[in-house]
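Engineer: Starting off with a structure, shown below.
Coordinate-derived values only; no laboratory data. What you see is a predicted model, and the numbers here were worked out from it, not measured in a lab. Cβ placement follows ideal geometry from the backbone for every residue including glycine, while neighbour counts extend to all protein chains displayed.
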Amino acid sequence: EHPLSERRKILEQLIGSLDDSAVILSPVIKCKTWEELAELRQTSRSINSEGIMLKKLSSHYHSGRKRGDWWKWKINPYTVDAVMIYAQKGSGRRANFFTDYTFAVRDGENLVTIAKAYSGLTDKEIKEVNSFVTKNAIEKFGPVRTVKPELVFEIAFEGIAESKRHKAGLALRFPRILRWRKDKKAVEINTLEDLRQLLASTI
């Protein structure tokens, strides 16, 4: 039951004794102010990181997800406004509701799929979307419903990469619904070119 400060020293000694370049010890970040740390946090994506992990030096190791001693300070996610075009019923307590959605962006006059998302809406919003899907389904493919492209959502994600999984040729990393954009119409969603430019800026 050693505190982190002691466990770190033991780990440094262990890693230092290994002749294996594949085993790397994560660096310790030292900052004098929160402002300095916040500025450093903004560079996380340049090293393919989601943010900074803050840990109390006096903390003990706990299994599970104990809160308080460790805190993952993530960078703000990327976002894109997309329209829902497919819906499928969920599982478990959501088995009777359409909760699994596929989203698309504009590519000229066409819509191309870019991501699937299953979380982010409140129970009230899920019921509203479920009602919309039930009333506005255009086609049925097994459990999947094609719906009128009218509902716009802001999708948050951590990264973007080329992929053959979606018609857009791109895939979003860890997509989830940030909010329902009831203030926007489908003609106002982002375009495929917007996402291609974002991809180019991250390479």
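Engineer: Quick check: anything in the range 106-127 under 30 Å from PRO3 (Cα atoms), in a strand (DSSP E or B), of a type in the set (Lys, Arg) and under 20 Å from the mean Cα position of the chain (by Cα)? First the steps, then the outcome.
Structural biologist: Taking the range 106-127 and keeping what is under 30 Å from PRO3 (Cα atoms), we get none.
No: the range 106-127 contains no residue that is under 30 Å from PRO3 (Cα atoms), in a strand (DSSP E or B), of a type in the set (Lys, Arg) and under 20 Å from the mean Cα position of the chain (by Cα).
Engineer: Also, I was wondering about something else. Starting from residues that are part of a helix (DSSP H, G or I) and among the acidic types (Asp, Glu), keep the ones in the range 21-55 and report whichever is nearest to the chain's Cα centre (by Cα).
Structural biologist: Taking the candidates together, the pick is GLU39.
Engineer: May I pose another question? Mind telling me which of the residues LYS127, LYS116, LYS72 ends up being over 30 Å from GLN197 (Cα atoms) and of a type outside the set (A, V, I, L, M, F, W, C)? Before you say what the answer is, go through the steps one by one.
Structural biologist: On the way: LYS116 fails: over 30 Å from GLN197 (Cα atoms); LYS72 fails: over 30 Å from GLN197 (Cα atoms).
Going through LYS127, LYS116, LYS72 in turn, the sole match is LYS127.
Engineer: Still on this structure: Among the residues of the range 129-145, write down those that are surrounded by 15 or more Cβ atoms within 10 Å (Cβ to Cβ) and outside any strand (DSSP E or B).
Structural biologist: First, pick out the residues of the range 129-145 that are surrounded by 15 or more Cβ atoms within 10 Å (Cβ to Cβ): 129-130, 132-133, 136-137, 144-145.
Correct list: VAL129, ASN130, PHE132, VAL133, ASN136.
Engineer: Of all residues in the range 6-48, which are closer than 25 Å to GLY159 by Cα, touching a residue at least 12 places away in the same chain (Cβ under 8 Å) and surrounded by 10 or more Cβ atoms within 10 Å (Cβ to Cβ)?
Structural biologist: LEU25, ILE29, LEU37, LEU40, ARG41, GLN42, SER44, ARG45
Engineer: Then there's this: How many residues does the range 167-197 contain that are polar (S, T, N, Q) and assigned to a strand (DSSP E or B)? Before you say what the answer is, go through the steps one by one.
Structural biologist: The first filter runs over the range 167-197 and keeps only residues polar (S, T, N, Q), leaving 190-191, 197.
Subset that is assigned to a strand (DSSP E or B): 191.
Residues flagged as polar (S, T, N, Q) and assigned to a strand (DSSP E or B) within the range 167-197 amount to 1.
Engineer: Please work out if GLU150 is part of a helix (DSSP H, G or I), out of contact with any His (no Cβ under 6 Å at 6 or more places or on another chain) and touching a residue at least 40 places away in the same chain (Cβ under 8 Å). Steps first, please.
Structural biologist: Values: part of a helix (DSSP H, G or I): no; out of contact with any His (no Cβ under 6 Å at 6 or more places or on another chain): yes; touching a residue at least 40 places away in the same chain (Cβ under 8 Å): yes.
Taking the combined requirement at face value, the residue does not satisfy it.
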